[in-house]
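This report concerns only the one structure given below.
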Amino acid sequence: MSTSTRNPSNRRHLLFRMRFQLLGGLTAAIVVPALIRMAFGPGALLSTNMQVTILAAFIAHTSGYFFYKRIGNFPGVAAAGYILPTFALTYGLVFVTIFFFRFDYSRFQAAASFIQSTLWYFGLSLATRRLDSYRLAVIPGGDVDRLESIPGVHWHRVDSPETVVEDASGVVADLRADLSEEWERYIADRALSGTPVYHVKQITESLTGRVEIEHLSENTLGSLNPNHAYLKMKQAIDWGSALFILIVFSPLFLFVAMAIRLDSAGPALFRQKRMGYRGNIYEVYKFRTMKLSAAVGDEKEEAITKTGDERITRLGQFLRKSRIDELPQALNILRGEMSWIGPRPEALVLSKWYEAELPFYRYRHIVRPGITGWAQVNQGHVAAVDDVLEKLHYDFYYIKNFSPWLDVLIVFRTIRTMLTGFGAR
């Protein structure tokens, strides 16, 4: 009887182990196609092209797995939705490299490996979704009441220090609250038993993708310093890709500029002063999407684009929804003023307004502003101060978790945003 009650738990833990996931994936993606290939030609494994393909598939699959796992660690991510684009990216990069160096490879093995990789992790995702119920035990006291409003988690409030929540993924407590000695011993015992213990603010950031800074005394600003090594590497990637975009897509730029001039009177490019990296003011370049008309009010009102704004032209609607209007900002990237990914730069008049209303607003300028970013793919376009405060929390989360993994996730979500038009105004 006792064995049967432990089997589901053992099966659940096995499916979540990295060793099982990765070895199972490599078996499905490399060993199985190789065996099928050998069934039609026993000496296939001895050929150079087969050996090159197996090595390439191993690199692509392993890279794809770690990309997929890192992306799945970010909040609000249905990881299954990123399996196909993640493995398409890693397999594509590896086999484009092989093609570039003119290595001979097995097309059957390469295609079968990619298909088997995606099928294995899709199946694994479905199995673990049924077995996994994210369950967190909540210690009463302090600022824990707001946790229950966060979806996607089974919150179990612990009523007594004698209670042990079975199969809890972790224990959450307000570690800054004045907890009794009994609760402090309870937390220590859970930590010693191997159960993760989270501070309420830590788990809130992880699940919502937002970092809230309320007091300087919390000393969290230091933890928001971005990784400077990646900052330099990212700038080099931004510069190279911006140069590539400007050269390759110059005919498109010319065509769009001519279409704008034919659609409405005025210049093809829109220029505006914005607050940028380290608080420096710069001039942003975009394709013009609005009519040239008299001011709609004061300078602040004129800088805000509202839903259904009548100033937007017919062509401008398409350019905004497809994000083509953003492409001239590649010039700003070449000049080191912007990045492809980062906090969205605001018009100078709006930035000064937000700085006057919101504490720590200027801290978002510690990284280069971006054409797209974590706030844009989660929240969309906002202008009201209350919404901008929420946007600021997203920006702080991006700065705190500044990494290539988060940037890759933002790229995937931006593509989805371009297809759906979410946040376009």
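Data overview
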item	result
Qualifying residue in region 366-379 (condition: surrounded by fewer than 18 Cβ atoms within 10 Å (Cβ to Cβ) and either part of a helix (DSSP H, G or I) or within 24 Å of the chain's Cα centre (by Cα) (or both))	no
Within region 384-420, considering residues that are in a helix (DSSP H, G or I) and among the polar types (S, T, N, Q), the one nearest to the chain's Cα centre (by Cα)	T414
Conditions (1) modelled with pLDDT of 95 or more; (2) surrounded by 12 or more Cβ atoms within 10 Å (Cβ to Cβ): number failed by Q235	(1)
Extreme residue, nearest to T420 (Cα to Cα), among residues of region 372-401 that are at pLDDT below 90 and β-branched (V, I, T)	V377
Filter pass, A356 being buried (at least 20 other Cβ atoms within 10 Å of the Cβ), of a type outside the set (D, E) and in a helix (DSSP H, G or I)	no
Residue that is surrounded by 12 or more Cβ atoms within 10 Å (Cβ to Cβ), touching a His at 6+ places or on another chain (Cβ under 9 Å) and either hydroxyl-bearing (S, T, Y) or in the same structural domain as F16 (by TED's automatic domain parsing) (or both), where the choices are Y134, Y121, Y198, Y186	Y134
Residue among L93, L126 that is closer than 30 Å to G24 by Cα, loosely packed, with under 12 Cβ neighbours inside 10 Å and assigned by TED's automatic domain parsing to the domain that holds L45	L126
Only listed residue being more than 25 Å from K291 (Cα to Cα) and in contact with a strand residue (DSSP E or B) (Cβ under 6 Å, 6 or more places away or on another chain), chosen from I410, I415, I371	I410
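The values are calculated or read from the model by the stated rules, or taken from the named source; none is laboratory data. These numbers were taken from a predicted model, which means no experiment stands behind them. With ideal geometry, Cβ positions are generated from the backbone for all residues, glycine too; neighbour counts draw on all protein chains shown.
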